Structures are given as C-alpha cells and as structure tokens.
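Peer 1: Sharing a structure, written as structure tokens. Questions coming.
The values are calculated or read from the model by the stated rules, or taken from the named source; none is laboratory data. If you're wondering where the values come from, they're calculated on a predicted model, not measured in any experiment. In this analysis, Cβ positions are derived from the backbone assuming ideal geometry, glycine residues included, and neighbour counts consider all displayed protein chains. Ligands, DNA and RNA are excluded from the accessible area calculation, which covers all protein heavy atoms including side chains. Shrake-Rupley method; radii C 1.70, N 1.55, O 1.52, S 1.80 Å.
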Amino acid sequence: MLKNIAKLSTLKIKCDLRAFSSLTQPTHQSIFDRNAKRLQKERAALSEDVGLYDYLKEEVGFRLADRVFDIKREFKAAADIGCSRGYLSKHILAESVEHLTLTDISATMLEQAQGTPGLKMHKIVIDEENLNFEENSLDLVISSLSLHWVNDLQGCFAKIKRSLKPDGVFIASMFGGDTLYELRSSLQLAELERKGGISPHISPFTQISDIGSLLNRAGFTMLTIDTDELVIGYPSMFELMWDLKGMAENNAAFNRPAHLNRETMLAASAIYQELYAKPNESGVPATFQIIYFVGWKPGPNQPQPLQRGTGEVSLKDLGKIIEKGGKVDSQT
C-alpha cells in the first residue's frame, strides 16, 4: 500500500514538472540567429561602399513612405522598427510625423540613419524581438524589410499593437516567400546532383497567407495586404550573392551550412543561367517579392460591423438591384 502511494506521488510530481516546463518553454521556434544577423549588419555598415547596395531597400522604403502619406493625419509620435540605414526616415516629412523614434539591432547602421529637415528623431539600439515601448504611446509604427528576420513574429506584432494608441496604425513591408526562388532552386539542384541532398542556403520567408492570420491573432483590424515583385538583373549568380552580403541579407538561420564548396557554386551558377536567363539577354534575373501590409489597433472611432440579422437586402437579389441602378425596393 505504501509503495503504491509512493508511486502515485512520484507520478504526480513528474506531471507537475512537465506542466511547469511547458509553461516556461517559448511558444515559438528560434530559426534565426539574431546575434549573427547583428554582426552581418555591422560588417555591411562598416564597408566603405555600403551605399552601393542600398538600391533595393531604398526603393521599397520610398514606396512604403508613400503609403504613410496616403493617411491624411498628422502623427505626433511614431517609431521605425529595424530602420537600418534610414531607408524610411529619409522620406518621412515633418508635416506628417512630429517625432520619430528609430530602432535597430545594429548600432553602426542606426548611427548612419538620417531624416528629413525639421523631423525630430530619437535613436535606440534594440532588438526587434525585445521591443519595450510604453503602452498606448505611439500613433504610428513603420518597418521596412526588417521583420522577416524575427523569430516570434506574432509576439512582435502583439508588442507593436500594445505600444499603439487606440486607432493607431502599423504599416510595414517584408520579403515574401517567393523571394530569390531562382537562387534557392539553383543551389538545391546543384547540391542534389553533387551531394545527393540539399542544405538551407536561403533563409525561409513568410508566406503572404500567414501575414493576415498573424496580424489578426495580434489584435489588429481593418487589414490591408498586397504584394509587389521587383525583378533585378545581375551579370551572374555571384554578383547577386555579393550584393546580398552587402545588403546584410545573407543567411542567418541556425541550421545554415558553414561552407559552400567551389564545385557546387559553379554548378549552381550554370543551372541558374540555363533555367532563368532570358533569351537574347545577358545576365540572370532575381525576384524579390515584397509584402506590404497595414493594420489598425481597434478604437472607438473606427467603423463597426452591424449585428447579425440586421441586413435588409438578400444577396440573391443583388443582380436585380444592379439592374435597377442600385435602387432597393422597400416592399420586397
């Protein structure tokens, strides 16, 4: 009898420990090495020709800033998450934003970020995964091509939503899942032929179908999500890889291979040229899929949906209503 009691108590202790460990374990999987990404950005920022590799992020930053101007509102307090070298801040006008806080994991890149004349700025070195803005302190949060390196994306969205005031807006851009599909497939085919297997040489990107669900889970409403593709030509695969390093967009996954041998790289370059080069054109294309999204924190002044059952027109009568020029027959 005493043995049975001892077994039951031991089993209960084990169950309690398992339950406690499940509460203390992170709810997300760490895919990216954040320290490696910080070092990559530091090396890129310290390069003498760092400005040569700004062309892609400059273009996306300009397009994202244009979406901020579409909102006819003056933002008192805003934050640029993962600002890098200021690809967004150099397009944000003081007439739209009164005070802008710049954050980045790289101190050197953050130091190089500049703003427009009259724009009040404050710079903070902080990881995008450890945001600690005060609750209800920001009117606008923006981010351009930085959040695709965050491990806990839903947690990051939740922290951003917490920092926004009611009816505050979050506007950002990320690389999508089809980014660099040519380079990814070429490296995979080359390794499959040479080694009989593949390695993750290109970091994984978020699919557009996942962005909406992550924003909804974080509590954002009135979502707007769209994509754009930028196709850039390079003389060969090697120039593309060199530019990615200059942009600090080289692989930072924990399971990345340490080396890529010369034979595999030459084979991948030949496959890239054969599969994706356009006829009668020199060089190879590289596709960058950009996901733009806008999310709002719920506020009392936002439009609210009507309650279920309050509709006065059936969808089956929509065709008849259109034929009548949009007039609704109240008798039906």
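Peer 1: State the percentage of accessible surface on the chain attributable to carbon and sulfur atoms; use a 1.4 Å probe and exclude ligands, DNA and RNA. Working shown, then result.
Peer 2: On the way: 9980 of 18610 Å².
After summing per-atom areas, the C and S share lands at 54 percent.
Peer 1: Oh, and also: Loop sites only, by DSSP: take the GluC sites (Glu not before Pro) in the chain that have at most 13 other C-beta atoms within 10 Å and name the longest stretch containing none of them.
Peer 2: Values: sites that count: Glu48, Glu74, Glu95, Glu134, Glu135, Glu281, Glu312.
Free of exposed loop sites, the longest segment is 136-280.
Peer 1: With the convex hull built on the Cα atoms of the chain, state its orientation-averaged projected area in nm². Mind showing how you got there, number by number?
Peer 2: Details: hull surface 118.3 nm².
Its average projected convex-hull area is 29.6 nm².
Peer 1: Over segment 91-196, one equal point on each Cα, no solvent: what is log10 I(q)/I(0) by the Debye formula at q = 0.15, 0.24 Å⁻¹?
Peer 2: The Debye formula, applied to the Cα set alone, gives -0.75, -1.43.
Peer 1: How big is the equivalent ellipsoid of segment 253-332 along its three axes, where each semi-axis is √(5λ) from the Cα gyration tensor, reported in whole Å from largest to smallest? The partial results should precede the final answer.
Peer 2: Details: eigenvalues 673, 115, 28 Å².
Semi-axes (√(5λ), whole Å): 58, 24, 12.
Peer 1: Still on this structure, please answer the following. Taking only protein heavy atoms and a 1.4 Å probe, what accessible area per residue, in Å², does segment 34-299 have with all protein chains in place?
Peer 2: Values: 11860 Å² over 266 residues.
Solvent-accessible surface per residue comes out at 45 Å².
Peer 1: Using a simple charge model, +1 on the beta-carbon of Lys and Arg, -1 on the beta-carbon of Asp and Glu, nothing else, what dipole does segment 34-299 show about its Cα centre, in debye to the nearest 20? The partial results should precede the final answer.
Peer 2: Numbers: 28 positive and 36 negative charges, 129 e Å.
Around 620 debye, computed over segment 34-299.
Peer 1: With a sphere of radius 11 Å drawn around the Cβ of Asn151, what net charge do the other residues whose Cβ falls strictly inside it have (Lys, Arg +1; Asp, Glu -1)?
Peer 2: Working: positive: Arg34, Lys37; negative: Asp33, Asp127, Glu128, Glu129, Asp152.
Its environment carries a net charge of -3.
Peer 1: Between segment 161-191 and segment 81-120, how many Å separate their Cα centres?
Peer 2: Each part reduced to its Cα centre gives a spacing of 21 Å.
Peer 1: Could you work out the relative contact order of segment 34-299? I mean the mean sequence separation of Cα pairs under 8 Å and 6+ apart, divided by the number of residues, in percent.
Peer 2: Numbers: 515 pairs, mean separation 56.2, N = 266.
With pairs under 8 Å counted, the relative contact order is 21 percent.
Peer 1: Calculated from DSSP H runs of 4 or more alone, at -39500 (n - 2.57) each and per residue, what is the 222 nm mean residue ellipticity of the chain, nearest 500? Walk me through the intermediate numbers first.
Peer 2: Working: 10 runs with 125 residues, N = 332.
Estimated from H runs of four or more residues: -12000 deg cm²/dmol.
Peer 1: To continue, here is another question. What is the sum of charges, Lys and Arg at +1 and Asp and Glu at -1, for the other residues whose Cβ falls under 12 Å from the Cβ of Leu183? Walk me through the numbers on the way to the answer.
Peer 2: Numbers: positive: Arg184; negative: Asp178, Glu182, Glu239, Asp243, Glu249.
Overall, the nearby charge balance is -4.
Peer 1: Another question, if that's okay. Using the basic label-point model (7 angstrom from Cα toward the beta carbon), what is the Lys320 to Gln114 distance in nanometres?
Peer 2: It is 6.6 nm.
Peer 1: Which one, Ala190, Asn255, Phe293, is farthest towards the positive end of the dipole of the chain when Lys and Arg carry +1 and Asp and Glu -1 on their Cβ?
Peer 2: In the chain, that residue is Asn255.
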